[in-house]
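Chemist: Let me give you the structure first, and then I'll get to my questions.
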Amino acid sequence: MVSSKSSFLDTLFLLRKEECITIFTDLHEISVKEIQDTANYLESEFEKERLEFLSLEIKFDKEVAVWAAQVLYHSAQLYLIRKDTSKDLHKLIPEYKGKIDISALLSADLSLRFLPQIISVLHTADPEDPLIKMLENILQQFHYSAVGLDVKMENINWEEELKDKTYRKLYLERIVEKRSYQHAEIPYINQLLIAEFGLHKDLFWKELKIIEN
């Protein structure tokens, strides 16, 4: 993929491919064409990742994927560009009011998985930044993308949340990848992980304690 001449799409592309981010000098309104081009790009990325779990039931959710991409893009730009933006924060970082199912969680994760890094640098710059709370609230909704970040996880029925075997597998893999003790020490999740590790528990995660109910 070559440069799209779209700061929106270029930011997402570089972040996903190179794990680096470009801060542009202005916050321009994202055009309809940019949104469509981004949706097409994210759908192609989703299909690549879907090869890892091969579920016909989990489908790309364009609406939430584009919303999450805009949240990520504006969050990154707001790290440096804050002049006259306080009144527009809720416009730039809107709440998601659509349906949240597994397809939505995984589609949003294409972008939201990078949000913890943005929160980290925002917190370093100013722990009282109101943007931090807004982003943390988003990650409480889309907590699959928050694995590894210390966020509140209240009122989650984990047996219900992880009843889909494909989503459960992905969630457990993310917990192990991020070494998220916050998740791994939840009794139900701990049981799942220990069962998955079997006799090779020390090979996968030696330091993890076995939690008794």
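The values are calculated or read from the model by the stated rules, or taken from the named source; none is laboratory data. Just so you know, these numbers come straight off a predicted model, no measurement behind them. When we count neighbours, we look across all protein chains shown, and the Cβ atoms used for this are built from the backbone with ideal geometry, even at glycine.
Chemist: Among the residues of the range 18-54, which ones are within 30 Å of Arg168 (Cβ to Cβ) and modelled with pLDDT under 80?
Modeler: Matches in the range 18-54: Glu19, Leu54.
Chemist: Looking only at helices (runs of 4 or more DSSP H) that lie completely in the range 157-205, which have at least 1 residues being among the hydroxyl-bearing types (Ser, Thr, Tyr)? If you could, list the steps in order and put the result at the bottom.
Modeler: Working: elements: 158-161, 165-178, 181-184, 187-197, 201-205.
Qualifying helices (runs of 4 or more DSSP H): 165-178, 181-184, 187-197.
Chemist: While we're on this one: Please list, ordered by first then second residue, the pairs with beta carbon atoms under 8 Å, 6 or more apart or interchain, first in the range 28-39 and outside any helix (DSSP H, G or I), second surrounded by 12 or more Cβ atoms within 10 Å (Cβ to Cβ) and not polar (S, T, N, Q).
Modeler: Every condition considered, the pairs that remain are Ile30/Phe8; Ile30/Tyr73.
Chemist: Report, by residue number, each residue of the range 42-84 that is of a type in the set (Lys, Arg) and assigned to a loop (DSSP other than H, G, I, E, B).
Modeler: The first filter runs over the range 42-84 and keeps only residues of a type in the set (Lys, Arg), leaving 48, 50, 59, 62, 82-83.
Of everything in the range 42-84, those that are of a type in the set (Lys, Arg) and assigned to a loop (DSSP other than H, G, I, E, B) turn out to be Lys59, Arg82, Lys83.
Chemist: For the range 122-149, name all the residues that are part of a loop (DSSP other than H, G, I, E, B) and either surrounded by 12 or more Cβ atoms within 10 Å (Cβ to Cβ) or in contact with a Phe, Trp or Tyr (Cβ under 6 Å, 6 or more places away or on another chain) (or both).
Modeler: Of the residues in the range 122-149, the ones part of a loop (DSSP other than H, G, I, E, B) are 126-129, 142, 147-149.
Asp129, Phe142, Val147, Gly148, Leu149 - these are the residues of the range 122-149 that are part of a loop (DSSP other than H, G, I, E, B) and either surrounded by 12 or more Cβ atoms within 10 Å (Cβ to Cβ) or in contact with a Phe, Trp or Tyr (Cβ under 6 Å, 6 or more places away or on another chain) (or both).
Chemist: Six or more apart or on different chains, Cβ under 6 Å: which pairs go from a residue in the range 183-195 that's closer than 8 Å to Ile211 by Cα to one that's surrounded by fewer than 20 Cβ atoms within 10 Å (Cβ to Cβ)? Could you list them?
Modeler: Glu185/Ile211; Pro187/Ile211; Pro187/Asn213; Asn190/Ile211
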